[in-house]
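The values are calculated or read from the model by the stated rules, or taken from the named source; none is laboratory data. These figures come from a predicted structure and were not determined experimentally. Cβ atoms come from the backbone with ideal geometry, glycine included; neighbour counts cover every protein chain shown. Ligands, DNA and RNA are excluded from the accessible area calculation, which covers all protein heavy atoms including side chains. Shrake-Rupley method; radii C 1.70, N 1.55, O 1.52, S 1.80 Å.
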Amino acid sequence: MEHRELAVAGAHAFFPQVFADERGDFASPYQEQTFTAATGRRLFPVAQASRSVSMRGVVRGVHYTLVPPGTAKYVYCAAGRALDYVVDLRAGSPTFGRWEALELTPASGTAVYLPPGVGHAFAALEDDTVVCYMLSEEYRKEHELALSVFDPELGLRLPPGPPVLSERDRRAPTLAEAAAQGLLPRYDG
């Protein structure tokens with residue numbers, strides 16, 4: 001499996017080998033040895049595994065958790081196609097405000113690691129897009145926050161067409177508004 005560090009400090013993308021034959025294909029989006037070599041540590045103990053199913057045009061995020069406690073995520077796409085966004089929202093981070101987008105598909109097996117405090121969003125590029133998450137903490141509504149995907153300061157490039165958003169994501173504050181309210185996670189190195 002290959003990997004590379006993303007534009008956001010501490011975030012990584014992993015690219016497993018995909019074995020295809022007449023039956024379909026097989027890939028291992030998480031491999032401990034490669035993860036440990038890339039990050040210098042083992043993957044967090046998984047406290048929760050989740051998945052979402054989205055129709056084409058759905059945009060989920062930018063979601064993040066307060067730090068502490070913070071939640072690390074390991075994300076991959078099990079069906080369909082997703083444009084996945086990794087956004088550094090950690091005040092004091094050397095890559096604060098930077099983001100990177102990667103297309104996730106089952107055929108590529110690409111997976112993304114997001115450290116605590118890093119924002120996550122994705123746009124479903126096909127109907128029935130399934131995104132799977134391994135999380136270091138169980139979901140707690142009071143720790144989960146959102147920022148606007150339309151914030152011009154972030155400058156996320158969304159796919160063409162009107163996005164389908166939850167009410168929460170439509171009302172989400174900008175980066176500047178969240179900073180003014182003291183809602184951004186801190187970067188501690």
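Worth pointing out:
- Residue satisfying condition, being closer than 29 Å to Asp25 by Cβ and either of a type in the set (Asp, Glu) or buried (at least 23 other Cβ atoms within 10 Å of the Cβ) (or both), within set Glu138, Glu103, Glu142: Glu103
- Scan region 68-82 for residues that are surrounded by 17 or more Cβ atoms within 10 Å (Cβ to Cβ) and under 23 Å from Leu145 (Cα atoms) and the total you get is 9.
Condition check ((1) within 16 Å of Leu125 (Cβ to Cβ); (2) in contact with a helix residue (DSSP H, G or I) (Cβ under 6 Å, 6 or more places away or on another chain)) across all residues:
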{"site": "Arg41", "(1), (2)": "no, no"}
{"site": "Val53", "(1), (2)": "yes, no"}
{"site": "Thr65", "(1), (2)": "no, yes"}
{"site": "Gly92", "(1), (2)": "no, no"}
{"site": "Gly109", "(1), (2)": "no, no"}
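- Pairing each residue of region 144-161 that is within 13 Å of Leu183 (Cβ to Cβ) and in contact (Cβ under 8 Å) with a residue 40 or more places away in the chain with any residue that is surrounded by 13 or more Cβ atoms within 10 Å (Cβ to Cβ) and among the hydroxyl-bearing types (Ser, Thr, Tyr), provided the two are 6+ apart or on different chains, yields C-beta distances under 6 Å for Glu144/Thr65; Leu145/Tyr64; Ser148/Thr174.
- Restricting region 147-189 to residues that are in contact with a Pro (Cβ under 8 Å, 6 or more places away or on another chain) and open to solvent by less than 30 Å² (accessible area, probe 1.4 Å), the residue that is nearest to Ala123 (Cα to Cα): Val149
- Where Tyr85 falls short, out of the listed (1) under 21 Å from Ala179 (Cβ atoms); (2) open to solvent by 30 Å² or more (accessible area, probe 1.4 Å); (3) at pLDDT 95 or above: (2)
- Under the condition of being hydrophobic (A, V, I, L, M, F, W, C) and outside any loop (DSSP other than H, G, I, E, B), the residues counted in region 5-60 number 13.
- Glu167 vs. criteria over 29 Å from Gly40 (Cα atoms) and in contact with a Lys or Arg (Cβ under 8 Å, 6 or more places away or on another chain): no
- In region 1-37, the qualifying residues are those that are at pLDDT below 95 and of a type in the set (Asp, Glu), and the one that is most open to solvent (accessible area, probe 1.4 Å) is Asp25.
- Close pairs (8 angstrom Cβ cut-off, 6 or more residues apart or separate chains): modelled with pLDDT of 95 or more and small (Gly, Ala, Ser) in region 127-141, open to solvent by less than 100 Å² (accessible area, probe 1.4 Å) and outside any loop (DSSP other than H, G, I, E, B) anywhere: Ser136/Lys73
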